[in-house]
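Below you'll find the structure, written out as structure tokens, and then a few comments.
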Amino acid sequence: MSWYFGVFKKYFNFKGRARRTEYWMFQLVNFVVIGILQAVLSYLVIGSIAEVTAAGTAVGEALTAGDMQGLLDAVTEFGGALAAVYGQGSPLIVTSILSAYYVLTFIPSLALTFRRLHDTGKSGAFIFMPLIPLVGWIIYFVFLVTSGHKGENHYGADPRTLS
């Protein structure tokens, strides 16, 4: 976890170098956190949709049977299920949390990627490499997995010797 929180300590630091371990551990934890948030979101939304669907089915059955009291009860239940989905806003809250997480991690992730590219002797401008069709992502990935230069380079001291 120190790799993950260490990136936030260097929130706006686009200078220097970052080791492969720092980069990939941050990406791993970031992936897990996003997965957990999305799983919670899916659970809340799917659970709510199941309630609305069940209530909607009850309305249809009561309507087909011609049972007015059953229809009234089913419509009330359906309204309650819809209120649970939209009134409480639980999916909206989780989506907002996920969006806030994306916003909070965007700059540190960008800075970390710049520092990782610096470790391999590349300019931070190479972050745009994936925009090249077909081969851009492959070249970019190779830059990120390549071992950094040993010793000092144009972007600073070797992070392996600083640790």
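Condition first: surrounded by fewer than 16 Cβ atoms within 10 Å (Cβ to Cβ), assigned to a loop (DSSP other than H, G, I, E, B) and not aliphatic (A, V, I, L, M). Now tell me which residues in the stretch 93-136 satisfy that.
Within the stretch 93-136, 121, 123, 133 meet the criteria.
Between 136, 148, 156, which is small (Gly, Ala, Ser), out of contact with any strand residue (DSSP E or B) (no Cβ under 9 Å at 6 or more places or on another chain) and farther than 16 Å from residue 15 by Cα?
136
Filter the stretch 147-161 down to the residues that are within 14 Å of residue 21 (Cβ to Cβ) and out of contact with any Gly (no Cβ under 9 Å at 6 or more places or on another chain) and list them by number.
Across the stretch 147-161, the qualifying residue is only 147.
The numbers here are math on the coordinates, done by the rules we state, and not lab data. What you are looking at is a predicted structure, and each value in this text was computed from that prediction instead of being measured. Using ideal geometry, Cβ is built from the backbone for each residue, glycine included, and neighbour counts are taken over all protein chains shown.
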